[in-house]
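Working notes for the structure below.
The values are calculated or read from the model by the stated rules, or taken from the named source; none is laboratory data. Keep in mind that this is a model prediction, so the values were computed, not measured. Glycine gets a Cβ as well: all are built from the backbone with ideal geometry, and neighbour counts include every protein chain shown. Heavy atoms of the whole protein, side chains included, go into the accessibility calculation; ligands, DNA and RNA do not. Shrake-Rupley method; radii C 1.70, N 1.55, O 1.52, S 1.80 Å.
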Amino acid sequence: MGLAKRRRAVAMTLAALVGVAAVAVVVHRVLAPAEVETPARAAYPAALTPAIGVVGRLPAAPLIVDGRLRVYAATRQVYADQPADARNRVTPYWSYRRWPAEVSGVVADGTTVVSHWSDGRLVALDARTGRVAWRADGPAPAEGWTARRTGAGAVWAPPGLFLARAADGRPVLVAAGPERVGGFALDDGRRLWSADVDGGCRDDVATTSAGQLVAVDRCAGPAAVEFRDVATGTPTTRLTPTGATADLTVTPLGCVSPRSRCRGLRAEGFADGAGRGWLVGTGDPVAAPALDPAGSELAGERVVGTTGGVVTARSVRTGEELWRRADLGTARILAVQPGRVHLLTETNDLITLDPMTGAQRSRFPLTVGNDGIGYATGLAYAGGGYVAVERLREPVAPDADDQRYFLMSEPVLLTAT
């Protein structure tokens with residue numbers, strides 16, 4: 001009996017050890033850091049010219065890449081579908097996942113898609129294949145995933161992630177966090193520079209078309225606008241606007257892509273309540289009073305604004321009125337991209353004008369099927385001739401959950417203009 005009991009005890013012990021080992025394997029597989037790269041299996045799609053109008057509706061916010069793909073972000077995934085004018089979201093063309101890190105932001109330049117993750121990791125993907133082109137350790141962002149269900153906040157307004165061109169034309173990526181900011185060569189991820197910063201009193205805003213990183217610095221003395229060379233990290237200019245308060249904020253204008261390679265700035269937060277506009281280039285910022293009014297936008301050499309149902313364009317350098325349109329009805333500027341100004345009317349018609357002449361390129365209702373026009377707009381994006389916009393339930397409840405906040409399960413409309 002004694003021998004039998006000992007054998008049973010040994011068997012039970014072995015079974016317990018096997019069970020613990022099995023659990024350990026499962027836990028390791030579930031919780032261990034992981035990276036899953038699912039490359040494209042189909043050929044890279046051809047460039048296309050979409051038909052003008054509403055392309056379709058989507059559950060997620062797309063970033064148009066190379067005019068051929070739509071790139072999306074989720075909490076732990078960056079993925080693409082194609083063609084760019086597909087009516088609905090379709091099976092991913094490629095996908096990239098990481099665990100347990102979360103996506104903070106995504107940007108794209110040409111066929112390079114770069115994601116910034118909650119652990120500071122920067123991962124560049126080749127949009128043509130979905131394969132990893134390079135990885136680099138960047139500054140950790142303040143938070144990981146902060147976007148809502150559509151992911152628009154990660155792809156249309158990526159926090160602390162900017163594209164630029166150095167003075168010699170080299171593409172540069174700038175990544176910023178609450179403690180550090182750094183520049184990286186977009187071609188291979190090589191670190192160009194890194195600097196300690198205090199995110200508690202400093203906000204990185206944009207990059208300029210002349211290769212400078214713009215930040216609002218409130219850390220020492222009066223609030224100032226700081227400019228830093230994107231290739232070296234060297235501070236170049238420090239602008240301390242007269243009358244600026246501690247609430248100084250800066251809005252980038254005339255950008256090639258979201259908050260990147262911008263030609264103008266408008267600052268607000270002055271004692272007199274007025275705004276201040278500047279053109280930014282290779283030298284010091286140049287005052288541009290035509291950019292002072294809130295809501296005005298920079299398109300090339302034109303400042304486009306709306307007042308009382310009239311759309312006007314003025315020279316950004318002289319303020320001279322160049323054209324006006326009083327036949328469009330009450331409208332506001334929704335988005336701007338090179339060669340196009342997009343306005344939204346009170347009845348949710350999307351109007352696209354040529355900023356040079358004021359000529360109408362297109363006009364159509366911003367709706368699809370039987371969805372109607374009874375919604376408010378959320379975040380919007382313009383790029384590659386496309387415009388995408390979130391639709392929100394009215395009255396808008398910013399603190400509500402996503403089911404109440406968004407109009408429906410597919411709240412994003414994608415249009416071609």
*Within the stretch 257-271, can you find the residues that are of a type outside the set (D, E, K, R) and either closer than 23 Å to TYR381 by Cβ or within 17 Å of the chain's Cα centre (by Cα) (or both)?*
SER257, PRO258, SER260, CYS262, GLY264, LEU265
*Here are some residues: ASP109, ASP81. Which one is in contact with a strand residue (DSSP E or B) (Cβ under 6 Å, 6 or more places away or on another chain), closer than 22 Å to GLY385 by Cα and free of Cβ contacts under 8 Å to residues at least 40 places away in the same chain?*
ASP81
_the stretch 115-170: number of residues that are polar (S, T, N, Q), buried (at least 24 other Cβ atoms within 10 Å of the Cβ) and touching a residue at least 60 places away in the same chain (Cβ under 8 Å)_ = 1
*Please specify each residue of the stretch 297-318 satisfying the condition of being free of Cβ contacts under 8 Å to residues at least 40 places away in the same chain, surrounded by 13 or more Cβ atoms within 10 Å (Cβ to Cβ) and not β-branched (Val, Ile, Thr).*
GLU301, GLY305, GLY309, ARG314, SER315
*Has the stretch 111-124 got at least one residue that is more than 18 Å from the chain's Cα centre (by Cα), among the basic types (Lys, Arg), modelled with pLDDT of 95 or more and closer than 18 Å to VAL36 by Cα?*
no
_Candidates THR352, THR417, THR330, THR345, filtered to the one that is open to solvent by 30 Å² or more (accessible area, probe 1.4 Å) and among the β-branched types (Val, Ile, Thr)_ = THR330
*Here is a list of conditions, (1) out of contact with any helix residue (DSSP H, G or I) (no Cβ under 8 Å at 6 or more places or on another chain); (2) under 18 Å from GLU297 (Cα atoms), and GLY329 meets all of them except one; can you say which number that is?*
(2)
*asked:* Please pick out the residue among ARG98, ARG76 that is among the basic types (Lys, Arg) and crowded, with 21+ Cβ neighbours inside 10 Å.
replied: ARG98
*Could you please find all residues in the stretch 92-110 being closer than 19 Å to THR146 by Cβ and out of contact with any Leu (no Cβ under 8 Å at 6 or more places or on another chain)?*
ARG97, ARG98, TRP99, ALA101, GLU102, VAL103
*Among the residues of the stretch 34-51, count how many are over 13 Å from ALA84 (Cα atoms), touching a residue at least 24 places away in the same chain (Cβ under 8 Å) and of a type in the set (A, V, I, L, M, F, W, C).*
4
*So which strands (runs of 3 or more DSSP E) stay within the stretch 189-275 end to end and still have 2 or more residues that are surrounded by 20 or more Cβ atoms within 10 Å (Cβ to Cβ)?*
202-207, 212-217, 224-229, 244-257, 260-270
